[in-house]
Amino acid sequence: MMRCRIIAWTLLLFFAASCVPAESVMPPEAYANMAEKSRIKATAVVESVKALETGKQSTWKSVVFKLRFPFTENVPEQFTGTCYSVDFPWQEPPVGGTLYYYPEAGDLVYVTVGSNGGPITSYTYLNDVMESLFIDNEEKIRYGMGNAWLDL
């Protein structure tokens, strides 16, 4: 009887230890909400990208932006945001709600950043025409899973 209890507890502990909680992707509204609440919303050009940490799952980067047009108050002429990218074939991102961005110097983007130096909450590639449309239709900007678009 005692032996059965020991085996049962051992199996229970083994099973419990093998169950790893997995992060799930958040609903699109959660990502849209993060972008909407961001302190920095602007069109900008990427000045530089620096890898801060490279791990087996992703690369954490710091992105320096040069302001072109602010959509929120007090956006500095140069601001920074951080993001994750999967840059190497050996990196295996975990299951979860992390959004990955691939900024490069010279990109013209509509970007939202939680606060200066904080996480990038949306990153949308633009050209000059699209930038003008965003500026002229600010009230029609909508957010999704890491990007923005115009609801025309």
Within the stretch 137-146, track down each residue that is surrounded by 19 or more Cβ atoms within 10 Å (Cβ to Cβ) and within 13 Å of the chain's Cα centre (by Cα). 143, 146
Set 152, 126: member being at pLDDT below 95 and out of contact with any Cys (no Cβ under 8 Å at 6 or more places or on another chain): 152
Scanning the stretch 37-93 for residues that are within 15 Å of residue 122 (Cα to Cα) and of a type in the set (D, E, K, R) gives 37, 39, 41, 61
Please specify each residue of the stretch 56-81 satisfying the condition of being touching a Pro at 6+ places or on another chain (Cβ under 9 Å), assigned to a loop (DSSP other than H, G, I, E, B) and crowded, with 16+ Cβ neighbours inside 10 Å. 58
May I ask you to verify whether residue 84 is surrounded by 17 or more Cβ atoms within 10 Å (Cβ to Cβ) and modelled with pLDDT under 95? no
I'd like the full set of residues that are farther than 22 Å from residue 29 by Cβ and either among the small types (Gly, Ala, Ser) or at pLDDT below 95 (or both), limited to the stretch 95-110. 105, 106
Which residue pairs have Cβ atoms closer than 6 Å, lie 6 or more positions apart in sequence or on different chains, and pair a first residue in the stretch 24-45 that is buried (at least 20 other Cβ atoms within 10 Å of the Cβ) with a second residue that is in a helix (DSSP H, G or I) and modelled with pLDDT of 95 or more? 43/131
Going by the conditions given, is residue 73 farther than 24 Å from residue 29 by Cβ, under 18 Å from the mean Cα position of the chain (by Cα) and charged (D, E, K, R)? no
Tally the residues that are surrounded by 13 or more Cβ atoms within 10 Å (Cβ to Cβ), in a loop (DSSP other than H, G, I, E, B) and hydrophobic (A, V, I, L, M, F, W, C), restricting the search to the stretch 89-136. 2
Residues of the stretch 107-141 classified as charged (D, E, K, R) and free of Cβ contacts under 8 Å to residues at least 24 places away in the same chain, total: 4
Considering 25, 113, which residue is at pLDDT below 95 and under 22 Å from residue 144 (Cβ atoms)? 25
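The values are calculated or read from the model by the stated rules, or taken from the named source; none is laboratory data. This one's a predicted model, so the numbers in the text were calculated from it and none came from an experiment. Every residue, glycine as well, gets a Cβ built from its backbone with ideal geometry; the counts of neighbours run over all protein chains shown.
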